[in-house]
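A short worksheet on the structure shown next.
Quick note: the coordinates plus some simple rules give every number you see, no bench work behind them. Model, not experiment: these values are computed from the prediction. So basically every Cβ, Gly included, is an ideal-geometry build from the backbone, and we count neighbours across all protein chains shown.
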Amino acid sequence: MILPGATLGLLGGGQLGRMFTIRAREMGYRVTVLDPDPLSPAGQVADRHLQAAYADPAALDELARTCAAVTTEFENVPAETLQALATRVTVRPPVHAVAIAQDRIAEKSFLRDRGFPTAPFRAVTRAEELHEALAAVGTPALLKTGRLGYDGKGQASIGCIADLEHAFARFGAVPCVLERRLELEAELSVVLARGSDGEFRPFPVAQNTHREGILETTVVPATVPARLAADALDLAGRVAAALEYVGVLAVEMFVAGGTLSVNELAPRPHNSGHWTLDACATDQFEQQLRAVCGLPLGSTELLSPVAMVNLLGDLWTGGEPRWEETFRRPGTKLHLYGKQEPRPGRKMGHLNVLARTPEQALRLALEARDALPRSKVEGRRS
C-alpha cells in the first residue's frame, strides 16, 4: 500500500485533476501535476506544478524519481508517455486500457470482439470505404473522429452519402467510426472502481441528459426498471474485468428497445460521477486514490437521491452569476473549477442538489441553475 505522506503524480491539470488533488491532499498525500497550461485548475492546488509538455523528458524523469505512483485525469495523454513512466513507477490505470479508450476504433473493436453490445458501427480510414460503411451501418448515423472528440466535438449527423462525404472531408479524412444512431430511451453511466486484486465497487447507476453533445444533468438513482439497472452494473463490471482495469472507470451506455449497449469508456473519474462528492459515502476521487495506492476500496453507498447540473460559461454572459441564489437553497452544493475564462460551452463548475426523490432533486437543480444568470444590463451596472 502507498500510504499518506507519499507523493503522487498526476498527468493532466483540468477540473478532474483539481478535485483529485484536493481529495488527495486532504488525505495526507502530496501531489505533483504535469500539465502545460500555466493556469491549470489542478496546478493551482497541487504541491508542485510541472508546466511542461506530456512528453518532456525532464518532467517525466522527475515524476518517476519522486512519485510513488502516477495516474491520469484524462485519456489523451500519449500512450508512449505512460509506457515510459510504467517502466520506472506504478502507473494506474494500466497503459493498455488508456490506449484502448483514447482510440474509438480500438475501443469499439475491443467491445465487439469480447461480445459486449454496441450500436452497429464500421471503421472508416479512407474515402473509398465510405459507401460500403454506410450500406452496412444504415441511417440515421453518426460519424465520429477516432481520437480527441469530446462534448459533442468531432461528431456529425449523417443522413445520406453526401453528408458522410462532406463530414469525412471536414474532419480532415482522419480515421473515424461510423455508428448507427439509436432511438434512445435513456442514457446511463456506471462509474466504478476496480482494485489491483480484482475488487470491484460500482457506484449506483446514473441517468444522464445531454444538450448539444455536452452533459447537462445526472440523476441518481436512475429512474429505470431495477432489472435494467442491475444489468448495467453487471455489464460495467464485466467490461472492467475484460480490460484488467485498475482505477476508476466510467462506462457510458444507451438504452434502446429496452436493452443496453455500451457507448464509450472513460478511464478516469467522470463528469457523471460528480454527484458522489456530496451524496455518496466515498466520492469517485477518493476511490481513484484508493485504487491507485492499493488501499481497500471505499463504500459506494448512496446517502441521498441527488441531481448534478453542469454550470457552463454561458451563465457568465451578464457578469458573475448570482451565487447568493445558490447559498440560500437548502441541499444545494456549489463546486467551481478555478477556470479563469468563461466561454460558451466550457464547464466552469457544477451544482449537486440533494432531495427526497431523484425527480425532486432534478427539478430543484435546474431551478438553482436557472436562477444564476444576470441580465447584461445588470452586469453593466455591477
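A few remarks follow.
- Scanning segment 350-372 for residues that are without any contact (Cβ under 8 Å) to a residue 60 or more places away in the chain and of a type outside the set (A, V, I, L, M, F, W, C) yields Arg356, Thr357, Gln360, Arg363, Glu367, Asp370.
- Hits in segment 91-118 - residues which are among the β-branched types (Val, Ile, Thr) and free of Cβ contacts under 8 Å to residues at least 24 places away in the same chain: Val91, Val95
- Scan of segment 105-160 for residues that are within 18 Å of Gly213 (Cβ to Cβ) and more than 23 Å from the chain's Cα centre (by Cα), ordered by number: Pro140, Ala141, Ile158, Gly159
Okay, residues lined up against (1) surrounded by fewer than 24 Cβ atoms within 10 Å (Cβ to Cβ); (2) out of contact with any strand residue (DSSP E or B) (no Cβ under 6 Å at 6 or more places or on another chain):
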position	(1), (2)
Ala226	yes, yes
Asp234	yes, yes
Ala241	yes, yes
Ala256	yes, yes
Thr259	yes, yes
Ser272	no, no
Ala281	yes, yes
Arg290	yes, yes
Thr300	yes, no
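Okay, residues lined up against (1) hydrophobic (A, V, I, L, M, F, W, C); (2) touching a residue at least 60 places away in the same chain (Cβ under 8 Å):
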| position | (1), (2) |
| --- | --- |
| Leu3 | yes, yes |
| Gly9 | no, yes |
| Gly17 | no, no |
| Ile22 | yes, yes |
| Glu26 | no, no |
| Val31 | yes, no |
| Asp35 | no, no |
| Gln44 | no, yes |
| Arg48 | no, no |
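- Filtering segment 98-114 for residues that are in contact with a helix residue (DSSP H, G or I) (Cβ under 8 Å, 6 or more places away or on another chain) and more than 28 Å from Phe285 (Cα to Cα) leaves a non-empty set.
- The set of residues in segment 158-189 that are closer than 19 Å to Val262 by Cα and either in contact with a helix residue (DSSP H, G or I) (Cβ under 9 Å, 6 or more places away or on another chain) or not in a loop (DSSP other than H, G, I, E, B) (or both) comprises Cys176, Val177, Leu178, Glu179, Arg180, Ala186, Glu187, Leu188, Ser189.
- Checking each residue in segment 140-157 for being touching a residue at least 40 places away in the same chain (Cβ under 8 Å) and either in a loop (DSSP other than H, G, I, E, B) or closer than 25 Å to Phe74 by Cβ (or both) picks out Pro140, Lys144, Thr145, Gly146, Arg147, Leu148, Gly149, Asp151, Gly152, Lys153, Gln155.
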